[in-house]
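Below: the structure, in structure tokens.
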Amino acid sequence: PTLFGTNYQTLSVAQKALNANGGGYKDANFTPNALTADAIAFLDGEIGQIKAELNKQSLLGSTLIIISAKHGQTPVDRSALRKIGDTVGSTLAAANLGANSNIGSSTDAVTGNFLGTGQFTEDDVAFIWLNDQSDAARASAIAALKANLGCPIVDPTSKIIVAGQTNSGICAGTDPGSGVIDLKADGRFGDPAKERTPDIMVQPNAGVIYSKSGKKDAEHGGAAPNDTNVALLVSFPTLSKQAIGTAVVTTQVAPTIVKALGIDPGLLNSVKSEGTAVLPGLF
């Protein structure tokens, strides 16, 4: 095919696996543990097979190869890990904000969501869709969350929240970029009243995951540095080996592919609306 893409989940799963079982990394310098090292070796072999087939078909010399990731995992350094469970939902439920906020105290047997609140999605970030999307309800929920920014105590070995601290804080607001974000006022992700955009985003401090899982030591989905700083490699025979220090984002991959195919990237709606540039140093 003219354009071919594939996605591998192997490394993502290995990064999230329990550190004690060989998952994740040994330190903050990304020294891989056994499972992670095996996953990297597997991916290296897979890329090698793709290159071998391209070479067999006499296409390697004319093929642009881009390797990246849609996210990383938090935390890389397990010493920073804090598994505090659903303290966002329990904080809102305990706040007893009244009918105007639609915050309930009972939970759905299937999803575990607090009834009346709407939808929660929690990993190393919390997204909240409120049933009552009025300004008053959103403001009440945000105020309740901001009043409980403290961090629960976790067991030093398991890194899981110590029992009895369900409503003792959402562990946010200390690190740069962390805190409670009103997504209607923020505007970057659309209007919650018109789009799929959540009403509220809670970005916890780095290393915090809203889980008490005994099967994983990392998560993703948020804006922590380990989540958002990923590898981006580009290979083509005429390119010289170099590291480009210019700040780039993965959304630049799409217009780069379009330009490599000889098509004007300006035809993409995303480029028209956001002004997304092609990756530097390639053309």
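The values are calculated or read from the model by the stated rules, or taken from the named source; none is laboratory data. All of these numbers come straight from a predicted model, not from anything done at the bench. Because the Cβ atoms are built from the backbone with ideal geometry, glycine has one as well, and the counts that use them run over all protein chains shown. Quick note on the areas: whole protein, heavy atoms, side chains included, nothing else; ligands and nucleic acids left out. Shrake-Rupley method; radii C 1.70, N 1.55, O 1.52, S 1.80 Å.
State whether the residues of the range 274-281 include one that is within 14 Å of the chain's Cα centre (by Cα) and either hydroxyl-bearing (Ser, Thr, Tyr) or part of a loop (DSSP other than H, G, I, E, B) (or both).
Checked against the condition, which is being within 14 Å of the chain's Cα centre (by Cα) and either hydroxyl-bearing (Ser, Thr, Tyr) or part of a loop (DSSP other than H, G, I, E, B) (or both), the range 274-281 yields no hits at all.
Return the residue satisfying two criteria in turn: it lies in the range 55-82 and is free of Cβ contacts under 8 Å to residues at least 12 places away in the same chain and in a loop (DSSP other than H, G, I, E, B), and of such residues it is nearest to Gly262 (Cα to Cα).
Ranking the candidates gives Leu59 first.
Suppose we filter Ala94, Ala99, Ala141, Ala52 for residues that are assigned to a helix (DSSP H, G or I), over 27 Å from the mean Cα position of the chain (by Cα) and at pLDDT below 95; which single one remains?
Values: Ala99 fails: assigned to a helix (DSSP H, G or I); Ala141 fails: over 27 Å from the mean Cα position of the chain (by Cα); Ala52 fails: at pLDDT below 95.
From the options Ala94, Ala99, Ala141, Ala52, the qualifying one is Ala94.
If I ask for residues that are over 23 Å from Ile65 (Cα atoms) and of a type in the set (Ser, Thr, Tyr), which ones from the range 1-35 would you list?
Going through the range 1-35, the residues over 23 Å from Ile65 (Cα atoms) turn out to be 13-35.
Hits for the range 1-35 are Tyr25, Thr31.
Given the criteria open to solvent by less than 60 Å² (accessible area, probe 1.4 Å), in contact with a Gly (Cβ under 8 Å, 6 or more places away or on another chain) and over 20 Å from Leu232 (Cα atoms), does Asn19 qualify?
Taking the combined requirement at face value, the residue does not satisfy it.
Pull out all pairs, ordered by first then second residue, where Cβ-Cβ is under 7 Å, the residues are six or more apart or on different chains, the first lies in the range 146-167 and is under 18 Å from Ala206 (Cβ atoms) and free of Cβ contacts under 8 Å to residues at least 40 places away in the same chain, and the second is of a type in the set (Val, Ile, Thr) and surrounded by fewer than 20 Cβ atoms within 10 Å (Cβ to Cβ).
Ile153/Val162
Taking the conditions exactly as written (free of Cβ contacts under 8 Å to residues at least 40 places away in the same chain and under 30 Å from Ile84 (Cβ atoms)), does Val249 satisfy them or not? Break it down stepwise before answering.
Numbers: free of Cβ contacts under 8 Å to residues at least 40 places away in the same chain: yes; under 30 Å from Ile84 (Cβ atoms): yes.
Yes.
Could you list all residues from the range 127-138 that are part of a loop (DSSP other than H, G, I, E, B) and touching a residue at least 60 places away in the same chain (Cβ under 8 Å)? Give the steps one after another, and end with the answer.
Taking the range 127-138 and keeping what is part of a loop (DSSP other than H, G, I, E, B), we get 131-134.
Matches in the range 127-138: Gln133 only.
Step by step: first the residues of the range 47-90, then only those that are of a type in the set (S, T, N, Q) and in contact with a helix residue (DSSP H, G or I) (Cβ under 6 Å, 6 or more places away or on another chain), then the one that is most open to solvent (accessible area, probe 1.4 Å). Which residue is that? Let's see the steps before the verdict.
Step one: list which residues in the range 47-90 are of a type in the set (S, T, N, Q), which gives 49, 55, 57-58, 62-63, 68, 73-74, 79, 87, 90.
Next, only the ones that are in contact with a helix residue (DSSP H, G or I) (Cβ under 6 Å, 6 or more places away or on another chain) stay: 63, 68, 73-74.
Working: Thr63: 35, Ser68: 54, Gln73: 10, Thr74: 4 Å².
The extreme case among them is Ser68.
Please go through the range 269-283 and give me each residue that is among the hydrophobic types (A, V, I, L, M, F, W, C) and open to solvent by 50 Å² or more (accessible area, probe 1.4 Å), ordered by number.
Ala277, Phe283
Of the residues that sit in the range 22-46 and are in contact (Cβ under 8 Å) with a residue 12 or more places away in the chain and among the β-branched types (Val, Ile, Thr), which one is least open to solvent (accessible area, probe 1.4 Å)?
Checked the range 22-46; the qualifying residue least open to solvent (accessible area, probe 1.4 Å) is Thr36.
Please count how many residues of the range 55-85 are modelled with pLDDT under 95 and charged (D, E, K, R).
1
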